[in-house]
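Everything below concerns the one structure shown next.
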Amino acid sequence: MSDKTATVIPASDTERPRLAAPEKMPVTQIALLAFVAAALVVLPFVVTGYVLYIANLLLVFIVLCLGLHLVIGETGQFALAHAAFYGIGIYSSGLAGNAFGWPFPLSMLLAGVVAGAVGVVIGTVALRMRDIYLALATFAFGEAMQWVFLNWDQVTGGPNGLRISPARLGDLEILTDRQAYPVVVFVTLLMIALTIVISRSRVGRSFRAVRESDVAAMAMGIPVRRAKITAFGLSAFYAGVAGSMFATFSTYIHPDSLGFQTTILALTMVVVGGLGSITGAVGGAIVFGLISEFLRQTPSYQEIIYGLILIVFMMYAPRGLFAFIRDQMGRITRG
Amino acid sequence: MAEHLLEVVDLTVKFGGLTAVNKFNIAVKRGTIHALIGPNGAGKSTTFNCISRFYQPTTGRVLLDGVDVTRMPASAMAGLGVARTFQNLELFGELTVFENVMIGAHVHAGRSWVEVLSARPPGVVEHVEHLLERTSLTAYRNTVARNLDFGHQKLLELARALAIRPRLLLLDEPAAGLRNREIAALDALLTDLCRREGITILLVEHVMQLVMAISDRVTVLNFGTKISEGTPDDVRNDPSVIEAYLGQEMAHA
Amino acid sequence: MTLDVVFLFLQQGVASGLVIGSVYALLALAIVVIFKTSDVPNFSQGEMVMAAGYIALYLLVFRSMPLWIVMPATILAAYAGAALFRRLVLNQVARANGSPVNLVIATLGLSYVLRGFVRQTGFGDTPRSFPPVVEPQSIMIGQAAVTTLDLVILATAVVVMAAFFWMFKYTKIGRAMRAVGMNPKAAQLVGVDLTRIHMIVWGLSGGISAIAALLISPKVLMTADMGSIVTLGFAAAIVGGFTSLPGAVVGGFLIGIIENLVGLFISSRAIVLAPFVAIMLVLVIRPQGLFGGRVEIKKV
């Protein structure tokens, strides 16, 4: 066994799906981060308020995608209720501001904690199921929550929607997208940092262990159920924070935008970016968010192109945009 | 400190109407290598899975160092110093060799926030590197586990189990599928682990070459009941054991 | 609420529930047959129904074709479309070897394409209704009021289901499908052509969706978003265990009846919520559904 000449069987990439293990930062990731950082700083000085609104929205989706990444990408649990937690976040922070005049950092925390707590409760029940059953149970929960948003008139305004009063901190009031932008950027960066820390820590490793083999995880002393619930609760927390970020620059929310479509949009971003990597989640949110925005004027074309992108990606770039680019670059450099 | 690190008392496992294990007893002495053998379908793996808490016995008790662990969840065993491997390899396939072993090592890392969120808790990485060295896996540190060849995958499972710093190491057919040269190396490694580090080992095994070479004691199971127990020589010469194995070969012929 | 009213509501709820439930049962059947044979929950099932509905509408209203041509033409088109999607798209997705969820994402992609396409044609802009196959006349069964159209829907659905079960049980192709459902590798070893079976299964599922579309379209307003009706098919499939074909049928009728009873006894606002509550209750209390097999213990 001390024989080190034993050879490794050539890697066969075709055998099983491959998920990235975020252990080291590759160069592409660092380059991308540098580019994003520069763009974030320059943006407010060169663009209109409307573009900043879109930027804010993209950042919200990045946080939503990071949450989805934790539960689906890292832990391998197909939970499809993120629009519900997002909605819970919007309403809790909106109400904290509207009714009690809370400063926005506090209502953000509240939004995350409320969504996370609901997530833990739902996760405790739903995570006994696997695969398709988990997906369907969480889907049903999401739909039921949308119904609640639509019918709980006293709290959500029901079908009339809810006006959200401007976010405030002491005398400071956030009235425009330009004012909200630094706050949204800051929170996004905070959430990305948190995700990286979690992912590289023992917590992230236990999530990936559960994804790879729950029996082996158990043998390694990982309480599998608790790990799954933690991941689900965390991801609901992210969705809640994303909701409260939305509330800082939005003045109005209607339950229509809190349905399955929103969950699917986030899922699509994560998968198109590349399931299992943080770069994939962030990059997918940006790329796919921009595509949706460019196609916004023509809803029917938007849907067709959107659908075609999904289909083509699944056919020819199944591990996501960034893995695809890496593979192609590798092919070129190898000749 | 009980004389026996592991005791299984009157273990019975029924699946529906089928009795897989019937009133089975075994006591594993501290610091020894104990083998559990028997023909196919004898109930070895079932017993093994009850000890590692993956199956719940119908009746009977499992005692670890005199403490009843029959109601413990499987995930609590690692913390009590019980590590196991799997018959059909259960690696974290998409993770690197290093990460696989790191996951095992986390059981003993601290519980404070800083330690939980640290990427490389102090002490843990050194321990992992040491284990990789010991199992000749250092060269494959950053290889994704599923890309290793079978022999190295088996070693990785062992390294991962050792990362728990076990008192009791449960090995489910560690030699199955290995080449003779690899079995010889495994033989040396296991003996070393037991003699030098005092790790108690219970193994389920088909490969008699390994069992007879390293075991201090052998228990033979057939149709869910113990039919023989003793030193490798005792067991080798026990007519009932020969009959059990012969009977199986006749049935297969 | 007096006992008389309760009794009346019960009859009406069950009667209406059976009618609409028969359509849910068809949808559930279409979902389950695909899931059983290829482990893919088809999220484009709803849009397949919607697209088939619009094909029929186009032929019947805008091309003024007679019904006896429109119906088989629609079913055939749906069969071909679904089978081709399986062959040309999903086979490649399966070969490309991403995560298992990739197949599901690809079906989502199809749902977007179909919806966008119908919107693009402009027919989906305004809610339209499909001319009923028969002139609806009111009939009383006990104290429950139903229409002749209702009876035609129920009868057609039952006949289609019976034909489907017969095919699944007694024909060679049905046996091959069952074999693929149980163990694809083994089925391949004994000479079953997986690609072909998958195409036929998708085709059948598309065909059933088209029949469901023809049955339901006169009763609902058609829009590009009408595919959401399949949510009820999913609910029915879950209640029935998601891998059981008889379960799907029973689940369909149950969901139909529950929905109607909730509407009559509780509130019409709660109708929308009923299937989701049913899904969650079933999954929490009996995750394997009413007809699903026992959950296996993983052997280690």
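The values are calculated or read from the model by the stated rules, or taken from the named source; none is laboratory data. Bear in mind the structure is a predicted one, so any value in this text is a computation, not a measurement. Don't worry about glycine lacking a Cβ; one is built from the backbone with ideal geometry, like all the others, and counts go over all protein chains shown. Surface accessibility is based on the protein's heavy atoms, side chains included, excluding ligands, DNA and RNA. Shrake-Rupley method; radii C 1.70, N 1.55, O 1.52, S 1.80 Å.
Couple of notes before you dig in:
- Tabulated pairs, the range A:297-316, first free of Cβ contacts under 8 Å to residues at least 12 places away in the same chain, second of a type outside the set (Ser, Thr, Tyr) and open to solvent by 40 Å² or more (accessible area, probe 1.4 Å), C-beta under 7 angstrom, 6+ apart or interchain: A:Pro299/C:Arg119; A:Ser300/C:Arg119; A:Ser300/C:Gln120; A:Gln302/A:Arg296; A:Glu303/C:Arg119; A:Ile304/C:Phe117; A:Ile304/C:Gln120
- Looking only at the range A:20-54, residues that are at pLDDT 50 or above and within 14 Å of another protein chain (Cβ to nearest Cβ) come to 3 in all.
- None of C:Leu57, C:Leu90 is touching a residue at least 12 places away in the same chain (Cβ under 8 Å), in contact with a strand residue (DSSP E or B) (Cβ under 8 Å, 6 or more places away or on another chain) and over 14 Å from C:Gly207 (Cα atoms) except C:Leu57.
- Here the range A:310-331 is the region considered, the condition is being modelled with pLDDT of 90 or more and surrounded by fewer than 20 Cβ atoms within 10 Å (Cβ to Cβ), and the residue that is farthest from the other protein chains (Cβ to nearest Cβ) is A:Val312.
- Residues in the range A:29-64 that are of a type outside the set (A, V, I, L, M, F, W, C) and outside any helix (DSSP H, G or I): A:Thr48 only.
- In the range A:134-164, residue surrounded by the fewest Cβ atoms within 10 Å (Cβ to Cβ) [restricted to those that are touching a Ser or Thr at 6+ places or on another chain (Cβ under 8 Å) and away from chain C (no Cβ under 14 Å)]: A:Arg163
- Of everything in the range C:33-55 that is away from chain A (no Cβ under 13 Å) and under 17 Å from C:Leu90 (Cα atoms), the residue that is surrounded by the fewest Cβ atoms within 10 Å (Cβ to Cβ) is C:Val33.
- Unique residue being touching a residue at least 24 places away in the same chain (Cβ under 8 Å), surrounded by fewer than 16 Cβ atoms within 10 Å (Cβ to Cβ) and within 25 Å of B:Val67 (Cβ to Cβ) when the list is B:Lys14, B:Lys23: B:Lys23
- Unique residue being open to solvent by 30 Å² or more (accessible area, probe 1.4 Å), without any contact (Cβ under 8 Å) to a residue 12 or more places away in the chain and either under 19 Å from B:Pro166 (Cβ atoms) or among the charged types (D, E, K, R) (or both) when the list is B:Glu90, B:Glu129: B:Glu129
- Among the residues of the range B:145-166, those identified as open to solvent by less than 40 Å² (accessible area, probe 1.4 Å), in contact (Cβ under 8 Å) with a residue 12 or more places away in the chain and either more than 9 Å from chain A (Cβ to nearest Cβ) or not in a helix (DSSP H, G or I) (or both) are B:Leu148, B:Gln153, B:Lys154, B:Leu156, B:Leu158, B:Ala159, B:Leu162, B:Ala163, B:Ile164, B:Pro166.
- Being within 30 Å of C:Pro287 (Cβ to Cβ), open to solvent by 20 Å² or more (accessible area, probe 1.4 Å) and more than 11 Å from the chain's Cα centre (by Cα) holds for only one residue in C:Val250, C:Val220, and it is C:Val250.
- Selection over the range C:190-205 of residues that are more than 14 Å from C:Ser38 (Cβ to Cβ) and touching a residue at least 40 places away in the same chain (Cβ under 8 Å) gives a count of 0.
- Residue in the range C:250-263 that is hydrophobic (A, V, I, L, M, F, W, C) and free of Cβ contacts under 8 Å to residues at least 24 places away in the same chain present: yes
- Hey, C:Ser99 more than 22 Å from the chain's Cα centre (by Cα), more than 14 Å from chain A (Cβ to nearest Cβ) and among the hydroxyl-bearing types (Ser, Thr, Tyr) or not: no
- Residue selected from the range A:179-236 under the condition more than 7 Å from chain B (Cβ to nearest Cβ) and of a type in the set (D, E, K, R), by the criterion surrounded by the most Cβ atoms within 10 Å (Cβ to Cβ): A:Lys228
- Every pair of residues 6+ apart whose Cβ atoms lie under 9 Å, when the first sits in the range C:125-141 and is more than 21 Å from C:Tyr54 (Cα to Cα) while the second is in a loop (DSSP other than H, G, I, E, B): C:Pro136/C:Pro218
- Of all residues in the range C:105-128, those satisfying the criterion of being more than 8 Å from chain A (Cβ to nearest Cβ) and in a helix (DSSP H, G or I) are C:Thr107, C:Val118, C:Thr121.
- Within the range B:26-50, residues that are outside the structural domain of B:Val241 (by TED's automatic domain parsing) have Cβ atoms under 8 Å from residues that are in a loop (DSSP other than H, G, I, E, B) in no pair, counting only partners at least 6 apart in sequence or on another chain.
- Residue that is nearest to B:Leu190 (Cα to Cα) [pool: residues in the range B:123-144 that are assigned to a loop (DSSP other than H, G, I, E, B) and within 12 Å of chain A (Cβ to nearest Cβ)]: B:Thr135
- Hits in the range B:167-189 (condition: within 11 Å of another protein chain (Cβ to nearest Cβ) and either under 11 Å from the mean Cα position of the chain (by Cα) or of a type in the set (S, T, N, Q) (or both)): B:Leu170, B:Asp172
- A search for C-beta distances below 6 Å between a residue of the range A:267-278 that is farther than 9 Å from A:His69 by Cβ and more than 8 Å from chain C (Cβ to nearest Cβ) and any residue that is open to solvent by 10 Å² or more (accessible area, probe 1.4 Å) and part of a loop (DSSP other than H, G, I, E, B), counting only pairs 6+ apart in sequence or on different chains, returns A:Gly274/A:Arg319.
- Inside the range B:95-122, residues that are at the interface with chain A (Cβ under 7 Å from one of its Cβ atoms) and either in contact (Cβ under 8 Å) with a residue 60 or more places away in the chain or hydrophobic (A, V, I, L, M, F, W, C) (or both) make up a count of 9.
- Residue count, the range C:223-235 (criterion: open to solvent by 30 Å² or more (accessible area, probe 1.4 Å) and either outside any helix (DSSP H, G or I) or away from every other protein chain (no Cβ under 14 Å) (or both)): 2
- Those residues of the range B:31-87 which are part of a loop (DSSP other than H, G, I, E, B) and within 14 Å of chain A (Cβ to nearest Cβ), in sequence order: B:Ser52, B:Arg53, B:Phe54, B:Tyr55, B:Gln56, B:Val69, B:Met72, B:Pro73, B:Gly81, B:Thr85, B:Phe86, B:Gln87
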